[in-house]
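Structure first, commentary second.
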Amino acid sequence: MRTERRKLLVGLSSLVGLAAIGAVGAATQPKEKVIKILARKFTYSPNHLDLKLGVPVILEFTTADVLMGFNAPDFQVRADIMPGKVEQVRLVPDKVGNFSFLCDIFCGSGHESMNGTITVSA
Amino acid sequence: MSQSIDRREFLKLAGLGGIVFASTLRSRIANAADAQAADDFYFVQLSDPHWGFQGPPNPDAKGTLKKAIAAVNGLSDQPDFIVFTGDLTHTTDDPKERRQRLAQFREIASELKVKDVRFMPGEHDASLDHGEAFQEFFGPTHYTFDHKGVHFIALDNVSDPRAMIGDEQLQWLSADLAKQRPDANIVILTHRPLFDLYPQWDWATRDGAKAIDLLMPHRNVTVFYGHIHQEHHKMTGHIAHHAAMGLMFPLPAPGSQPKRDPLPWDPEHPYRGLGFRDVDAEVKTSEFKLTEFPVKGA
């Protein structure tokens with residue numbers, strides 16, 4: 001009986017310990033910032049993003065009209081932005097500077113001017 | 001004065017002038033038997049006339065294509081055929097206007113003396129309706145033809161607005177290549193670069209690497225394309241890729257400025273950066289020789 005109680009206590013304390021580790025883990029890993037971007041003919045809003053080196057963000061896209069694309073080639077991040085859907089992609093700014101992004105799905109007469117910039121600072 | 005001129009005198013007499021750029025890249029004709037069977041020939045590549053464009057980058061938007069066609073017609077030694085590698089028209093959101101522009105372009109192109117003319121779409125012609133209007137005027141958007149020992153393949157990387165060739169067409173390409181010998185002389189005609197030239201400006205084909213992979217087992221492959229409105233030469237392995245100048249407005253060198261806006265018209269040097277090329281397939285020396293012809297006001 002004593003042996004069984006000891007085992008139970010050990011098991012409980014292990015569970016408590018694991019929970020504590022999980023809580024610490026959650027506390028030290030802040031939730032990633034979500035940046036909402038609306039695509040419409042032929043702009044992104046916003047069309048300029050200020051990011052911090054090494055701080056990942058979630059880009060959350062919607063389109064106000066037709067199928068659009070988002071492509072940031074310098075970060076190997078792209079997305080199809082479909083009408084009626086929310087599309088999320090994670091971007092990790094791993095270099096400092098100014099970088100362009102663009103719509104890479106031909107969407108109309110102003111398609112070629114549909115672009116924006118990402119500024120990553122240290 | 002005779003309208004017929006020698007190609008060597010072309011620049012001086014046909015309203016085209018300035019500097020001639022010529023580059024030669026070796027591309028062996030398949031083998032000795034083919035070389036004997038094949039004749040030397042040349043074809044002309046015109047690209048990106050963007051018919052319907054209006055704006056400061058070209059004050060002679062309605063005249064530039066006609067000048068180029070008149071110049072080609074002025075050659076005493078006419079090419080075997082002519083290819084247009086896309087963006088025949090400038091894009092419009094109005095399907096009716098798109099067809100009007102395609103019709104006007106076809107009418108102007110019909111003035112070419114050479115009647116063997118091959119057309120390909122660019123994204124301005126085909127991406128908003130998956131090539132529907134283009135096909136009404138010019139037929140299929142991808143096809144093959146053979147000429148004097150050279151196998152030509154026109155690839156469509158624009159009818160899908162995602163700038164993709166697509167699995168179906170890639171399978172078609174694979175099946176066609178399976179019929180060619182490894183040493184066959186193959187020319188690819190397309191609009192966008194098949195390699196990632198500068199994706200930041202949409203100068204790429206999303207699945208272009210798959211096409212290049214299919215072509216790699218073939219030893220003699222040359223690609224002619226448009227889209228970037230400037231001459232550009234690149235090797236991916238043993239495959240040569242040659243971009244042609246456009247016929248409406250030049251674009252900046254890749255990454256040379258923040259945006260890919262057209263280069264401004266220079267009144268001191270009108271038509272600068274516009275032009276076309278001829279491509280000599282020289283069997284005896286086993287070469288494709290490219291000669292670039294800048295457009296100049298008559």
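The values are calculated or read from the model by the stated rules, or taken from the named source; none is laboratory data. Please read these numbers as outputs of a predicted model, since none were measured by experiment. Here the Cβ positions follow ideal geometry from the backbone for every residue, glycine too, while neighbour counts run over all protein chains shown. Just so you know, the surface numbers come from the protein's heavy atoms only, side chains and all, with ligands and any DNA or RNA stripped out. Shrake-Rupley method; radii C 1.70, N 1.55, O 1.52, S 1.80 Å.
Between chains A and B, what is the buried accessible area summed over both chains (1.4 Å probe, protein heavy atoms, nearest 100 Å²)?
So the buried area, both faces added, is about 1400 Å².
Taking a 18 Å limit on the Cα-Cα distance, which of the listed pairs A:52/B:259; B:66/B:113; B:148/B:289 fall beyond it?
A:52/B:259
Give me a single rounded figure for A:104-116: the average over its residues of other chain Cβ atoms within 10 Å of their Cβ.
Partner Cβ neighbours, averaged per residue: 6.
At a 1.4 Å probe radius, which order do B:124, B:233 fall into by accessible area, largest first? Could you put the intermediate results ahead of the total?
On the way: B:124 5, B:233 70 Å².
My answer, sorted largest first, is B:233, B:124.
Under 1.5 on a/c is rounded, so check that first for the stretch B:43-94, then, if it is not, pick prolate when a/b is larger than b/c and oblate when it is not; a ≥ b ≥ c are the square roots of the alpha carbon gyration tensor eigenvalues.
Because a/c hits 1.5 or more and a/b fails to exceed b/c, the stretch B:43-94 counts as oblate.
Counting only residues 5 or more places away or on other chains, whose amide H sits under 5 Å from the amide H of residue A:66 once H atoms are built in the peptide plane?
A:41
So what are the ³J(HN,Hα) numbers for the stretch B:147-160, from phi and the Karplus equation (6.51, -1.76, 1.60; θ = phi - 60°), rounded to whole Hz, Gly and Pro as x?
Here the 3J(HN,Hα) series is 9, 6, x, 10, 9, 9, 10, 8, 9, 9, 10, 10, 5, 7 Hz.
Taking R0 as 25 Å, what FRET efficiency do you get between residue A:95 and residue A:34 from their Cβ-Cβ distance, rounded to the nearest 0.05?
On the way: r = 22 Å, r/R0 = 0.88.
Here the calculated transfer efficiency is 0.70.
Could you work out the mean count of beta carbons from other protein chains within 10 Å of each residue's beta carbon in A:74-81? Don't skip to the answer; put the middle values down first.
Values: counts 2, 0, 1, 0, 2, 0, 1, 0.
Across A:74-81, the average partner-chain Cβ count within 10 Å equals 1.
Sorted from largest to smallest, which semi-axis lengths in Å does the alpha carbon gyration tensor of the stretch B:7-294 give for its equivalent ellipsoid, taking the root of 5 times each eigenvalue? Each step should come with its number before you reach the end.
On the way: eigenvalues 148, 107, 67 Å².
Whole-Å semi-axes of the equivalent ellipsoid: 27, 23, 18.
With just the Cα atoms of the stretch A:33-121, tell me how far they stretch along each of the three principal axes, in Å, largest first.
34, 23, 19
Counting DSSP beta bridges with both partners in the stretch A:33-121, what percentage is antiparallel, nearest 5?
Here the antiparallel bridges make up roughly 60 percent for the stretch A:33-121.
Rolling a 1.4 angstrom probe over the protein chains, ignoring ligands and nucleic acids, what is the accessible area of residue B:117 in square angstrom, nearest 10?
About 30 Å², rounded to the nearest 10.
Can you tell me the FRET efficiency between residue B:39 and residue B:73 if r is taken as the Cβ-Cβ distance and R0 is 25 Å, rounded to the nearest 0.05?
With R0 = 25 Å, the Cβ-Cβ based efficiency is 0.65.
At 1.4 Å probe size, with no ligands or nucleic acids counted, give the accessible surface of residue B:42 in Å², nearest ten.
Per-residue accessible area (residue B:42): approximately 10 Å².
Would you list B:216, B:120 from the most to the least accessible area, probe 1.4 Å?
So, going from the largest accessible area down, we get B:216, B:120.
Ordered by residue, what ³J(HN,Hα) values in Hz, to whole numbers, does the stretch B:104-115 give under the Karplus form 6.51 cos²θ - 1.76 cosθ + 1.60, where θ = phi - 60° and Gly and Pro are x?
With the stated coefficients, the stretch B:104-115 comes to 5, 4, 4, 5, 5, 5, 5, 6, 5, 5, 6, 9 Hz.
Each residue of the stretch A:34-43 in turn: what ³J(HN,Hα) in whole Hz from Karplus with 6.51, -1.76, 1.60 and θ = phi - 60°, glycine and Pro shown as x?
So the Karplus estimates, Gly and Pro as x, are 9, 10, 8, 10, 9, 9, 8, 4, 10, 9 Hz.
If you take the beta carbon distance between residue A:119 and residue A:85 as r and set R0 to 41 Å, what does 1/(1 + (r/R0)^6) give as a FRET efficiency, to the nearest 0.05?
Calculated transfer efficiency: 0.90.
Ignoring ligands, DNA and RNA, how do B:153, A:58 rank by accessible area with a 1.4 Å probe, largest first?
Largest to smallest exposure gives the sequence A:58, B:153.
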